[in-house]
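Visitor: This structure is in structure tokens; I'll ask about it shortly.
The values are calculated or read from the model by the stated rules, or taken from the named source; none is laboratory data. Remember, it's a predicted structure, so these values are computed and weren't measured experimentally. Glycine gets a Cβ as well: all are built from the backbone with ideal geometry, and neighbour counts include every protein chain shown. Remember, those area values only see protein heavy atoms, side chains included, never the ligands or the DNA or RNA. Shrake-Rupley method; radii C 1.70, N 1.55, O 1.52, S 1.80 Å.
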Amino acid sequence: MQLSVIILNYNVRYFLEQCVLSVQKALENIDGEIIVIDNNSSDDSCAMMKQRFPHIKLIENTANSGFPKGNNIAVREAKGDYLCILNPDTVVAEDTFEKILNTQYWQLNTGIIGCKLIDGTGNFLPESKRGIPTPWVAFTKIFGLYKVFPKSALFNKYYAQHLAENQTGKVDILVGAFMIMKRDLYNQLGGFDENCFMYADDIDLSYRALLLQKQNYYFHETTVIHYKGESTVKDGTYMKR
């Protein structure tokens, strides 16, 4: 099997339905599978999956085990040579998987490949490509210096502004809403770090790929809609994490 698409869901039943429909369409010409893992949702996500998509593998966790552990559980069931880690609040294009799987950027030292993400109104999401958030880089982000000096290499690293949104190239950090990598690399990395319940786990995985001398790529030739944060409650716990 060429590709396994892993979708970790938590209480976003309607987004999940649209996501799965888009992934099914994008896999029509690919030997692939979809694995949905649910982190003990309180809505009817699982009931919807069983009714609408009974042929799709559904893993039902009995507790909310977090983003890293949930994905790691699903990957252990995956059969594809390549993995796509995909948020449920996304819609992929019909050509997304074909274009990325057939790109010239798959080399022996390729790490993770991400793509161009846009929000629900069509605006580019700059977190599609990022740099390593060192203290200085984080400082330029927090205080908005990357906006004031967008062409300065000193200030523009957080959102990897050395690349335009419509320019493919090497980047350090990709976003966990959409990542494609070889399953062998995922296993070599030990998957996501389960000490992170959520947030920054994508930074950690991307960075550990770099430590293995792999090169991560931002691929602009296909677009995925990411509605962003629909399964996250913006409360005090969110801010603390």
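Visitor: For a label point 7 Å from the Cα of Q167 along Cα→C-beta, name the residues of the range 212-227 whose backbone N is under 18 Å from it.
Guide: 216-222
Visitor: With the full set of protein chains in place, find how many percent of the accessible area of the chain is carbon and sulfur; take the probe as 1.4 Å.
Guide: That fraction is 50 percent.
Visitor: Over the range 20-123, what number does the Rg to Rh ratio reach, with both radii from the alpha-carbon atoms and Rh per Kirkwood?
Guide: 0.96
Visitor: Right, next: So how far apart, in nm, are the two label points at F139 and E221 if each is 7 Å from Cα heading toward Cβ?
Guide: Rounded to a tenth, the inter-label distance reads 4.0 nm.
Visitor: Let me ask something else. If ligands, DNA and RNA are left out, what is the accessible area of K147 with a 1.4 Å probe, given in Å² to the nearest 10?
Guide: Estimated to the nearest 10 Å², K147 gives 140 Å².
Visitor: Of the cross-linked pairs K151/K182; K170/K228; K79/K99; K25/K157, which ones have a Cα-Cα span greater than 30 Å in the structure shown?
Guide: Violating the 30 Å Cα-Cα cut-off are K151/K182; K25/K157.
Visitor: Now for a separate question. When only the heavy atoms of the protein chains count and the probe is 1.4 Å, how do C84, C46 rank by accessible area, highest first?
Guide: Correct descending sequence by accessible area is C46, C84.
Visitor: Just to check I understand the Karplus step: with θ = phi - 60° and J = 6.51 cos²θ - 1.76 cosθ + 1.60, what whole-Hz values come out for the range 34-41, glycine and proline as x?
Guide: Karplus values, whole Hz, x for Gly and Pro: 10, 10, 9, 10, 10, 8, 6, 5.
Visitor: Separate question: So, for the chain, what is the accessible surface per residue at a probe of 1.4 Å, expressed in square angstrom?
Guide: Per-residue value: 48 Å².
Visitor: Same structure, new question: How much net charge surrounds E165 when only other residues with a Cβ under 9 Å from its Cβ are counted (Lys, Arg +1; Asp, Glu -1)?
Guide: +2
Visitor: After finding the eigenvalues of the alpha carbon gyration tensor for the chain, what semi-axes result from the square roots of 5 times each, listed largest first in whole Å?
Guide: Those come to 28, 21, 17 Å.
Visitor: Something else about it: Suppose R0 equals 35 Å. What FRET efficiency, 1/(1 + (r/R0)^6) with r the Cβ-Cβ distance, do E28 and Y199 give to the nearest 0.05?
Guide: Here the calculated transfer efficiency is 0.55.
Visitor: Additional query: What accessible area, in Å² to the nearest ten, does a 1.4 Å probe give for F192?
Guide: 0 Å²
Visitor: So what is the calculated 222 nm ellipticity per residue for the chain, using -39500 (n - 2.57) for each DSSP H run with n of 4 or more, over all residues, to the nearest 500 deg cm²/dmol?
Guide: It lands at -8000 deg cm²/dmol.
Visitor: Out of V75, V171, V137, any idea which swings most in a Gaussian network model of the chain, alpha carbons joined below 10 Å?
Guide: Fluctuation is largest for V137.
Visitor: I need the per residue convex hull volume for the range 98-181, using only the alpha carbons, in cubic angstrom as a whole number.
Guide: So the per-residue Cα hull volume is 116 Å³.
Visitor: Would you please give the FRET efficiency between K228 and L108, computed as 1/(1 + (r/R0)^6) with r the Cβ-Cβ distance and R0 = 45 Å, to the nearest 0.05?
Guide: My answer for the efficiency is 0.85.
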